[in-house]
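Below you'll find the structure, written out as structure tokens, and then a few comments.
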Amino acid sequence: GQNIDQPTEMTATEGAIVQINCTYQTSGFNGLFWYQQHAGEAPTFLSYNVLDGLEEKGRFSSFLSRSKGYSYLLLKELQMKDSASYLCAVRDGTDSWGKLQFGAGTQVVVTP
Amino acid sequence: EAGVVQSPRYKIIEKKQPVAFWCNPISGHNTLYWYRQNLGQGPELLIRYENEEAVDDSQLPKDRFSAERLKGVDSTLKIQPAELGDSAVYLCASSFGSGNTIYFGEGSWLTVV
């Protein structure tokens with residue numbers, strides 16, 4: 001099984017930077033995903049990490065440390081539209097498929 | 001290119017009534033998933049299809065839930081009879097193979113009263 005922990009809520013000011021941490025305990029590991037979900041909408045894919053290190057994609061970056069069971073999503077130059085829930089999801093490596101399990105999500109509130 | 005399409009978008013039913021949700025995955029995606037998402041929680045997998053075969057249904061409450069994907073494209077998820085605790089968002093998702101990025105539909109919001 002897996003345990004995925006992320007903070008429930010974070011608040012930041014427009015233009016600032018926010019870092020959302022995610023820790024996981026898995027029986028095997030085959031990649032970590034970050035999804036963004038606006039209220040009432042579908043989760044949309046943001047990033048994927050399978051090797052240690054930082055993946056940068058515009059204002060969003062995601063970091064992974066497999067030895068520490070740790071990832072973070074970094075949101076830079078925050079905009080009001082970034083107010084959403086951010087879901088950390090881990091694919092385990094116990095079978096050929098690798099089930100994707102989601103954390104409960106971190107609600108990011110961007111204030112003016 | 002069209003994304004994952006789901007219907008209905010919203011459904012309110014009385015407990016003990018049946019309900020069905022339909023999903024059309026992204027064209028070319030052979031893997032289809034049904035997830036359930038409760039308020040304030042992440043999605044939880046109910047069932048995964050590889051083409052027409054259900055290869056992981058371990059989390060599907062089989063006493064009242066059923067799903068099918070007869071021609072390996074569209075899928076239907078049914079609940080009969082519905083209970084109050086089934087109120088949730090039912091998300092369909094698809095991917096090109098099991099190991100690749102999963103793309104979600106907008107979900108079917110179910111309220112059981």
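The values are calculated or read from the model by the stated rules, or taken from the named source; none is laboratory data. In this text, all values refer to a predicted model and were calculated from it rather than measured experimentally. As a convention, Cβ positions derive from the backbone with ideal geometry for all residues, glycine included, and neighbour counts pool all protein chains shown. Side chains included, ligands, DNA and RNA excluded: accessible areas come from the protein's heavy atoms. Shrake-Rupley method; radii C 1.70, N 1.55, O 1.52, S 1.80 Å.
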In segment B:44-113, which strands (runs of 3 or more DSSP E) lie fully inside it and hold 1 or more residues that are surrounded by 16 or more Cβ atoms within 10 Å (Cβ to Cβ), touching a residue at least 12 places away in the same chain (Cβ under 8 Å) and acidic (Asp, Glu)?
B:44-50
Out of (1) more than 18 Å from B:Asn100 (Cα to Cα); (2) open to solvent by less than 40 Å² (accessible area, probe 1.4 Å); (3) in contact (Cβ under 8 Å) with a residue 12 or more places away in the chain, the one B:Trp22 does not meet is (2)
Evaluate segment A:9-26: report whether one residue or more is modelled with pLDDT under 95, more than 12 Å from the chain's Cα centre (by Cα) and not polar (S, T, N, Q).
no
Residue that is nearest to the other protein chains (Cβ to nearest Cβ) [pool: residues in segment B:25-43 that are assigned to a loop (DSSP other than H, G, I, E, B) and surrounded by 13 or more Cβ atoms within 10 Å (Cβ to Cβ)]:
B:Gly42
Yes or no: segment A:50-69 includes at least one residue that is facing another protein chain (nearest Cβ under 8 Å) and over 24 Å from A:Glu14 (Cα atoms).
no
